[in-house]
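For reference, the structure is listed below as structure tokens.
The values are calculated or read from the model by the stated rules, or taken from the named source; none is laboratory data. The shown structure was predicted, so the numbers you read here are calculated from the model rather than taken from an experiment. When we count neighbours, we look across all protein chains shown, and the Cβ atoms used for this are built from the backbone with ideal geometry, even at glycine.
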Amino acid sequence: MTTAAPNPAIPAGLARDDLLAIYYYLRLTRALEGRLVNLYRQGKVIGGLYGSLGQEGESVATAYALDDADVLSPLIRNLGAMLVKGAKPADVLRQYMAKATGPTAGREMNIHFNDLQLGYLGQISHLGDMVCVMAGITLSFRLRGERRVGLVYAGDGATSTGAFHEGMNFAAVQRLPLVVVVEHNGYAYSTPTRHQTAVERLADKAHAYGVPGHTVDGNDILATYAATHEAVERARDGAGVSLIEVVTYRRRGHAQHDDQRYQPPDEIARWEANDPVDRFVARLVEAGWASPPELAVIDGRAEAVVDAAVAECEGDPLPAPETALGSVMHRPAFTDPLWFRELHA
């Protein structure tokens, strides 16, 4: 009589329910972005559409390492991180479709919006600037004696900017509770990494600031979670900032309008075979942590959530023109803006 080998131990800091939750957020991210692509092609998305196909794993895994009281600052490809922090799919859809009922009432598009209660900040489009912003926020944590941590994402191109340098240097000197996740997906828009920085590993830039730098396979969900969890706890214990380079790849262009002509087809195919969601599914099933029927139920749940979100907000109105300046600038008491007077003449 043979005894079946026990399932491998789940990595430290996680339980089986956590693994299933991570899988749900991966599927929810992919389902929501897929639906946004359909809406974009129907002309219902206002402005650009920026997707994370192929690199959703690192967004979900890094955000999952945070506590509820911690704060993160996403980039345009970190929808998964926002969903982990509690962003509602309907609000994301309203934002992309510039609905009056959206988080910014049609004044901004994509995921440029805040929810300070849930713990995420709307990004500044200027690359690297959010490192400085999050340095300031985590300084406030330290000054108030709070055991809270900030996490900020930066692209490979952003590491070549002055804002990134200033934010990293300040955070390092002040020993701030900050984790900087550098997404090394091979391109700064269409510029290959090797054409804008001389280092091979972006984590090596951490040495210039005297802080730890780690490189991790960004398409390995559990390895990315483990590296981030360690850096988060280090920051929480007062040891200061860490830089984590997650090596990943976006399998679509910078945005939907980008035809990807600078990305070789064989390169895209290689990374498709390294898909983070597929790898995570294989790991869950092979280790006996989840069964295919269980995962299929989660797939259906994610699709149902997206279906419900679209039904909830697709018919919402666009903002009325006269509301454009509300919450943007103060209207002087002695006069109305010229456009307002003409509209109501």
Residue in segment 89-104 that is closer than 26 Å to A231 by Cα and either at pLDDT below 95 or not in a loop (DSSP other than H, G, I, E, B) (or both) present: no
Test result for V277, touching a residue at least 24 places away in the same chain (Cβ under 8 Å) and either closer than 17 Å to E33 by Cβ or part of a helix (DSSP H, G or I) (or both): yes
Qualifying residue in segment 290-308 (condition: without any contact (Cβ under 8 Å) to a residue 24 or more places away in the chain, of a type in the set (A, V, I, L, M, F, W, C) and part of a loop (DSSP other than H, G, I, E, B)): no
Filter result for Q117 (at negative phi, buried (at least 23 other Cβ atoms within 10 Å of the Cβ) and of a type in the set (S, T, N, Q)): no
Exclusive hit being within 19 Å of the chain's Cα centre (by Cα) and modelled with pLDDT of 95 or more, set V285, V277: V277
Segment 189-220: number of residues that are in contact (Cβ under 8 Å) with a residue 40 or more places away in the chain and surrounded by 18 or more Cβ atoms within 10 Å (Cβ to Cβ): 8
Single match in I111, I137, I124 (criterion: in a loop (DSSP other than H, G, I, E, B) and either hydroxyl-bearing (S, T, Y) or farther than 16 Å from G47 by Cα (or both)): I124
Test: residue in segment 57-69 that is surrounded by 19 or more Cβ atoms within 10 Å (Cβ to Cβ) and part of a loop (DSSP other than H, G, I, E, B): yes
Those residues of segment 166-192 which are in contact with a Lys or Arg (Cβ under 9 Å, 6 or more places away or on another chain) and not in a loop (DSSP other than H, G, I, E, B), in sequence order: M168, V179, V182, E183, H184, Y187
Where V179 falls short, out of the listed (1) under 16 Å from the mean Cα position of the chain (by Cα); (2) surrounded by fewer than 21 Cβ atoms within 10 Å (Cβ to Cβ); (3) within 21 Å of G238 (Cα to Cα); (4) not polar (S, T, N, Q): (2)
Top-ranked residue in segment 159-209 [being aromatic (F, W, Y) and under 30 Å from E267 (Cβ atoms); ranked as modelled with the lowest pLDDT]: Y189
Residue under evaluation E108, criteria (1) closer than 29 Å to A302 by Cβ; (2) at pLDDT 95 or above, criterion not met: (2)
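Every residue, every condition in (1) farther than 11 Å from V179 by Cα; (2) under 17 Å from the mean Cα position of the chain (by Cα); (3) at pLDDT 95 or above, yes or no:
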{"site": "A227", "(1), (2), (3)": "no, yes, yes"}
{"site": "E230", "(1), (2), (3)": "no, no, yes"}
{"site": "E233", "(1), (2), (3)": "no, no, yes"}
{"site": "R236", "(1), (2), (3)": "no, no, yes"}
{"site": "I244", "(1), (2), (3)": "no, yes, yes"}
{"site": "Y249", "(1), (2), (3)": "yes, yes, yes"}
{"site": "A255", "(1), (2), (3)": "yes, yes, no"}
{"site": "Q260", "(1), (2), (3)": "yes, no, no"}
Candidate set from segment 70-88 (those that are of a type in the set (K, R) and modelled with pLDDT of 95 or more); member that is surrounded by the fewest Cβ atoms within 10 Å (Cβ to Cβ): K88
Residue that is farthest from the chain's Cα centre (by Cα), among those in segment 193-215 that are of a type in the set (D, E, K, R) and assigned to a loop (DSSP other than H, G, I, E, B): E200
Positions within segment 77-88 being touching a residue at least 60 places away in the same chain (Cβ under 8 Å) and either within 14 Å of H229 (Cα to Cα) or part of a loop (DSSP other than H, G, I, E, B) (or both), in sequence order: R77, N78, K88
